[in-house]
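Shown next, in structure tokens, is the structure this report addresses.
We did not get these values from a lab; they are worked out from the coordinates using the rules stated. All values derive from a computational prediction rather than experimental measurement. Heads up, the Cβs are rebuilt from the backbone with ideal geometry, glycines too, and the neighbour counts pull from every protein chain shown.
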């Protein structure tokens, strides 16, 4: 199951990078909760969908350095690049801690900092 959760996260990230946000959301539970530590919390698929439409002007680019899985959790550590509405690319370092439930992503705790 642990390897399966890692593969689900890989496929979900590939969907985001391809700009297929609905496919990404198919990997999430309906009641998924995303907490951006120190920022905001999104509750449910619709809140995540709205966040993506607002924040992902272009599909973000992920570079996952490390995936660590144990029980129902997968931790992804890496870099993400996102463009803002003015077309400026900003790079971030991140650590995402995903909790899975029945093969779907149920909860995210995201630690994100701007790369220097």
Just rank 94, 51, fewest to most, by other beta-carbon atoms within 10 angstrom.
51, 94
Please find, in a Gaussian network model of the chain (springs between Cα atoms separated by less than 10 Å), the residue of 89, 35, 17 whose mean-square fluctuation is greatest.
89
Beyond 21 Å, what share of the Cα-Cα pairs of the stretch 2-114 is found? Please give it as a whole percent.
30 percent
For residue 58 and residue 90 in one chain, what is 0.36 nm times their gap in residues minus the Cα-Cα distance, to one decimal in nm?
10.3 nm
Take the Cβ-Cβ distance between residue 43 and residue 113 as r, set R0 to 25 Å, and report the resulting FRET efficiency rounded to the nearest 0.05.
0.60
Hydrodynamic radius by Kirkwood, which averages 1/r over all alpha carbon pairs of the stretch 43-82, in angstrom:
12.0 Å
Using a Gaussian network model of the chain whose springs link C-alpha atoms within less than 10 Å, name the residue from 79, 11, 88 with the highest mean-square fluctuation.
88
Relative to the present Cα-Cα distance, how much length would full extension add between residue 65 and residue 10 at 0.36 nm per residue of separation?
18.6 nm
Under 10 Å, Cα contacts only: if you run a Gaussian network model on the chain, which one of 73, 36, 100 comes out with the highest mean-square fluctuation?
36
Where does helix 2-17 land angle-wise versus the long Cα axis of the chain, in degrees 0 to 90, nearest 10?
20 degrees
